[in-house]
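Student: This is the structure, below, for whatever I ask next.
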Amino acid sequence: MPERRIVIAVDGFSSCGKSTFARLLAARLGYIFIDTGAMYRAVTLYGIEHGAVRGGAIDRDRLVGMLDDIAIAFRFNAARGASDIYVNGVCVEDRIRGIEVSEAVSRVSRIPEVRAKLVALQQRMGAEKGVVMDGRDIGTVVFPDAELKLYMTADPKIRAHRRYLELQERGEEVSEAEIERNIRERDEADLHREISPLRKAPDAIELDNSRMTLEEQMAWIEPILAERIHAAGGGDKNGK
Ligand code: DC
């Protein structure tokens, strides 16, 4: 039977291990992994560097006017074993996770023109299938017909603890209570924004990984993958 590739949408809250899980899933299947949060972050960084986003203020019209000048692409970085994000041919992977971008990105991602541009690009990137895309609106807006939709959640206290350990490892001292507050605030913003809020698609499968290791999550998904790939009309017995 010919190989049949599918689209896998992974939506969910921030800091619940979505990207790690989605990246591993893509590697397991030989699919492309697309981190759509990185795309919103890249537009935000461009806005900061070109004077449309300054501190707390966003010059919305100016940013919208710049959108046609922003070409976003992913390129595989063999050393990292993952894709880096590029803006106009320049790798910005190391600059999009900083505090300035993190603080402005949720407001940039509320701008309808920004979403329209990035959603269209995401749809083109997934047109050939064989992608695992992680975000907030992938199963609801970007690929409502995705063959497999996952909705990831985890207890905010457990997410805060994981994040705390990560930051400690990097030598950053932040209190766990502060991290938890920040996570709860971001959940509220994601759930209650007007445009494309985070919500579970009716046909999405929920994965609460509060008490699961990454290995357990991968074992959990295996039979689901095999079934969905088979239902799409292809794949060998390993689901490949
Ligand atoms: O997943 P992340 O924290 O890197 O996402 C960064 C921001 O982009 C976050 O504020 C949510 C937003 N986002 C979005 O609105 N839609 C997506 N598909 C992905 C991310």
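Student: What number goes with the only condition from (1) over 23 Å from ILE58 (Cβ atoms); (2) open to solvent by less than 40 Å² (accessible area, probe 1.4 Å) that HIS161 does not pass?
Tutor: Among (1) over 23 Å from ILE58 (Cβ atoms); (2) open to solvent by less than 40 Å² (accessible area, probe 1.4 Å), the lone unmet condition for HIS161 is (2).
Student: Go through the residues of the range 74-90 one by one and say whether even a single one is within 10 Å of the ligand (Cβ to nearest atom), hydrophobic (A, V, I, L, M, F, W, C) and under 14 Å from the mean Cα position of the chain (by Cα).
Tutor: Within the range 74-90, not a single residue is within 10 Å of the ligand (Cβ to nearest atom), hydrophobic (A, V, I, L, M, F, W, C) and under 14 Å from the mean Cα position of the chain (by Cα).
Student: Now a separate question. Report, ordered by the first and then the second residue, all pairs with beta carbons closer than 7 Å, sequence separation of six or more or different chains, a first member in the range 153-166 that is more than 13 Å from ASN182 (Cα to Cα), and a second member that is modelled with pLDDT of 95 or more and open to solvent by 30 Å² or more (accessible area, probe 1.4 Å).
Tutor: Partner pairs satisfying both residue conditions: THR153/GLU206; THR153/ASP208; ALA154/ASP208.
Student: Additional query: Return the residues of the range 60-77 that are touching a residue at least 40 places away in the same chain (Cβ under 8 Å), among the hydrophobic types (A, V, I, L, M, F, W, C) and assigned to a helix (DSSP H, G or I); say none if nothing qualifies.
Tutor: Within the range 60-77, LEU63, VAL64, LEU67 qualify.
Student: What's the number of the condition LEU121 fails, among (1) within 15 Å of the ligand (Cβ to nearest atom); (2) open to solvent by 40 Å² or more (accessible area, probe 1.4 Å); (3) outside any loop (DSSP other than H, G, I, E, B)?
Tutor: Result: LEU121 fails condition (2) only.
Student: I've got another one for you. If I ask for residues that are surrounded by 14 or more Cβ atoms within 10 Å (Cβ to Cβ) and either away from the ligand (no atom under 16 Å from the Cβ) or assigned to a helix (DSSP H, G or I) (or both), which ones from the range 185-202 would you list?
Tutor: ARG186, ASP187, ALA189, ASP190, listed by residue number.
Student: How many residues does the range 16-59 hold that are open to solvent by less than 30 Å² (accessible area, probe 1.4 Å), in contact with a Phe, Trp or Tyr (Cβ under 7 Å, 6 or more places away or on another chain), in a helix (DSSP H, G or I) and within 13 Å of the ligand (Cβ to nearest atom)?
Tutor: 1
Student: On the basis of being in contact with an Asp or Glu (Cβ under 7 Å, 6 or more places away or on another chain) and in contact (Cβ under 8 Å) with a residue 40 or more places away in the chain, does GLY126 make the cut?
Tutor: For GLY126, the condition - in contact with an Asp or Glu (Cβ under 7 Å, 6 or more places away or on another chain) and in contact (Cβ under 8 Å) with a residue 40 or more places away in the chain - is not met.
Student: Pick from the range 131-145 the residues that are touching an Asp or Glu at 6+ places or on another chain (Cβ under 9 Å) and open to solvent by less than 10 Å² (accessible area, probe 1.4 Å): which of them is nearest to ARG193 (Cα to Cα)?
Tutor: ASP137
Student: Something else now. Just to be sure before I move on: is ALA104 within 14 Å of the ligand (Cβ to nearest atom) and surrounded by 13 or more Cβ atoms within 10 Å (Cβ to Cβ) in the structure I sent?
Tutor: So ALA104 fits the description; yes.
The values are calculated or read from the model by the stated rules, or taken from the named source; none is laboratory data. Values in this document were obtained by computation on a predicted structure and should not be read as measured data. Cβ sites come from the backbone with ideal geometry, for glycine too, and all protein chains shown count toward neighbours. Each accessible area value is taken on the protein alone, full model and side chains, heavy atoms only, with ligands, DNA and RNA left out. Shrake-Rupley method; radii C 1.70, N 1.55, O 1.52, S 1.80 Å.
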